[in-house]
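Below: the structure, in structure tokens.
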Protein chains: 2
Amino acid sequence: MHEIALGSDILAANNTLAQHNRQHFVEHGVYVLNLMSAPGAGKTTLLERTVDALAGRHRIAVIEGDVQTREDADRIAAHGIPAIQINTGGACHLDARQVHDHLRHFSLDELDLLVIENVGNLVCPAEFDLGEHDRVMLLSVTEGDDKPAKYPVMFHVARALLLNKIDLLPHVDFDLERAERGARALNLDLEIFRLSARTGEGFESWLAWLDSRVARVKAQHG
Amino acid sequence: MHEIALGSDILAANNTLAQHNRQHFVEHGVYVLNLMSAPGAGKTTLLERTVDALAGRHRIAVIEGDVQTREDADRIAAHGIPAIQINTGGACHLDARQVHDHLRHFSLDELDLLVIENVGNLVCPAEFDLGEHDRVMLLSVTEGDDKPAKYPVMFHVARALLLNKIDLLPHVDFDLERAERGARALNLDLEIFRLSARTGEGFESWLAWLDSRVARVKAQHG
């Protein structure tokens, strides 16, 4: 229980282990993405469509993080790829140790892309590096365009922002420009994609970006 | 002394305050850069030349972090811009609290660019967010091309890497490609500039990039 010892630092210990994971991913040439959002923003639906679209193009596996249940891993596994479930048993985020301890379930050399779907939460996951290459954040337009100011850390650490459920835009008050301006103020290089995981609208750009990330890791791997 | 209370988390507390700083910088439309490197890599020399080159183009201020002495702030102030010194009194990095407490010395509305020169160290500064927009790392070619693998966190969190002292390349064994490959494996989007703060070689690209960052913040600020 070193996490609660006097003077210990949970995040520092996590960062060290995350770096260990990252080195591992780099050595195996597998691109790793940490997918984060509030509950119900559509992470698993996004993954299902993404996995189907990339089938045959990349070898993919998924780690599902949830407080409890293995529903999401079952949903993903039904699409014919390796998927394992981590239950945090209460914690509002995955940590590098959990990811590390579950990597033995995969043969990293046989993967191009590993997606880690984090616990649905806009706060804690942003603080915990898992060793991924990129953090990708999902914000559904039903959640409101004021979220960047309220959850700035998440928007600051993300490499890409997916504005999901745009098929619902006619039915909600969500100012896309306002949300994007707020996000970019916190993150000058943020890639933003507007899409709908339900209808598939806007998926071409998102998939093309994913392709380019996987290719970049392969290129570095040599 | 909340930092050493049972169960406290130094990094978590720092991250919260860093976010507070960042919000402050965003509101005032000032681009903030956290400059990090090993001791003697050339941070202050780089800043002196950068400040001179940008005079009249941007309104600049500098925060100097050192364990002790106010030599670096004096060097920068001699170039006619506001410069304050923070002495960490032993700590190997600046933290968000120190930056926060010294911001009152500046009028942020009258600045375009604030550079925070961190304590010379390749480990601790990488862990402490100060609220900057970008972290920029300097690696001098006299330090060796094996540094990415040895200090992976620093290379992972940096937005740009300046390979400094390239005027000394004929005299050292430093493989630019090896260093760049190692760095990009940890950081897919890393911008890399090869330059010499002493001779000014390669400065055009670095200055153009800085210009673009300042302009991007201004554009978001509206």
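Straight-line reach from A:Lys43: which lysines have Cα under 16 Å away, leaving out those fewer than 8 places along the same chain?
Within reach: A:Lys165.
Using a cut-off of under 19 Å, list every residue of region A:120-161 whose amide N is near the label point 7 Å from the Cα of A:Asp173 along the Cα-to-beta-carbon line.
A:140-150
Which value, in square angstrom to the nearest 100, describes the accessible area buried between chains B and A on both sides, using a 1.4 angstrom probe?
That pair of chains buries around 2900 Å² in total.
If you roll a 1.4 Å probe over the heavy atoms of the protein chains, what accessible area per residue do you get for chain A, in Å²?
40
Once the principal axes of the Cα atoms of chain A are found, what is the range along each, listed largest first in whole angstroms?
48, 46, 35
Under the √(5λ) rule applied to the eigenvalues of the Cα gyration tensor, what semi-axes describe the equivalent ellipsoid of the protein assembly as shown? Give them in Å, descending.
Calculated on Cα positions only, the semi-axes equal 36, 24, 22 Å.
Once you put a point 7 Å from the Cα of A:Ser205 and another 7 Å from the Cα of B:His24, both along the Cβ direction, what distance in nm separates them?
3.5
So what is the calculated 222 nm ellipticity per residue for the protein assembly as shown, using -39500 (n - 2.57) for each DSSP H run with n of 4 or more, over all residues, to the nearest 500 deg cm²/dmol?
Computed mean residue ellipticity for the protein assembly as shown: -11500 deg cm²/dmol.
Using the Karplus curve 6.51 cos²θ - 1.76 cosθ + 1.60 with θ = phi - 60°, work out ³J(HN,Hα) for each residue of region A:20-25 in order, rounded to whole Hz, and write x for Gly and Pro.
Calculated HN-Hα couplings, in order: 4, 4, 4, 4, 4, 5 Hz.
Got a sec? Which residues of region B:6-48 lose 40 Å² or more of accessible surface with every protein chain in place, vs. that chain alone, 1.4 Å probe?
Those residues are B:Leu6, B:Asp9, B:Leu11, B:Asn15, B:Gln19, B:Arg22, B:Gln23, B:Val26.
Once you've got the GNM for chain B with C-alpha springs shorter than 10 Å, pick whichever of B:His105, B:His79, B:His58 has the biggest mean-square fluctuation.
B:His105
Please tell me the relative contact order of region B:147-208 in percent, rounded to the nearest whole number, where contacts are Cα pairs under 8 Å and at least six residues apart.
Once normalised by length, the contact order is 42 percent.
Counting other Cβ atoms within 10 Å, keep those with at most 16, restrict to DSSP loop, and tell me which trypsin sites (Lys or Arg not before Pro) in region B:5-112 are left.
B:Arg57, B:Arg70
Go through A:116-123, A:133-140 and give me the packing order, highest mean Cβ count within 10 Å leading.
A:133-140, A:116-123
Given a Förster distance of 60 angstrom, what is the FRET efficiency for B:Cys92 paired with A:Asp52, based on the Cβ-Cβ distance and rounded to 0.05?
So, using R0 = 60 Å, E works out to roughly 0.80.
On each of the three principal axes of the Cα atoms of region B:105-222, give max minus min coordinate, whole Å, ordered largest first.
Principal extents (largest minus smallest coordinate, Cα): 46, 31, 28 Å.
Long-range amide H contacts for A:Gln85: which residues qualify at under 5 Å (H placed 1.01 Å from N, peptide plane, sequence gap of 5 or more or a different chain)?
A:Glu64
How many angstrom separate the Cα center of region A:124-160 from the Cα center of region B:145-190?
When both Cα centres are located, 28 Å separates them.
Pairs of Cα atoms under 8 Å, at least six residues apart: use those to get the relative contact order of region B:1-142, whole percent.
On the way: 263 pairs, mean separation 59.3, N = 142.
Relative contact order for region B:1-142 comes out at 42 percent.
Which of the aspartates and glutamates could a cross-linker span from A:Lys147 if the Cα-Cα distance has to be under 12 Å and same-chain partners fewer than 8 positions apart are dropped?
A:Asp175, A:Glu180
When the Kirkwood radius is taken over all Cα pairs of region A:42-162, what Stokes-Einstein diffusion coefficient follows at 20 °C and 1.002 mPa s, in µm²/s?
Calculated translational D: 142 µm²/s.
Which residues does the label zone of A:Thr142 cover in region A:169-189, counting backbone N under 18 Å from a point 7 Å along Cα→Cβ?
Inside the label zone: A:169-176.
Would you mind telling me the share, in percent, of accessible area of chain A contributed by carbon and sulfur at probe 1.4 angstrom?
Details: 4550 of 8920 Å².
About 51 percent, which is the carbon plus sulfur part of the accessible surface.
Normalising by the residue count of region B:59-101, find the relative contact order in percent from Cα pairs under 8 Å and 6+ residues apart.
42
Return the long-range amide H neighbours of B:Ile116 (sequence gap of 5 or more, or a different chain), with a cut-off of under 5 Å between placed amide H atoms.
Amide H neighbours of B:Ile116: B:Leu33, B:Asn34, B:Leu35, B:Ile63.
The values are calculated or read from the model by the stated rules, or taken from the named source; none is laboratory data. Here the structure is a predicted model, which means the values were calculated and not measured. As a convention, Cβ positions derive from the backbone with ideal geometry for all residues, glycine included, and neighbour counts pool all protein chains shown. These area figures cover heavy atoms from the full protein model, side chains too; ligands, DNA and RNA do not enter into them. Shrake-Rupley method; radii C 1.70, N 1.55, O 1.52, S 1.80 Å.
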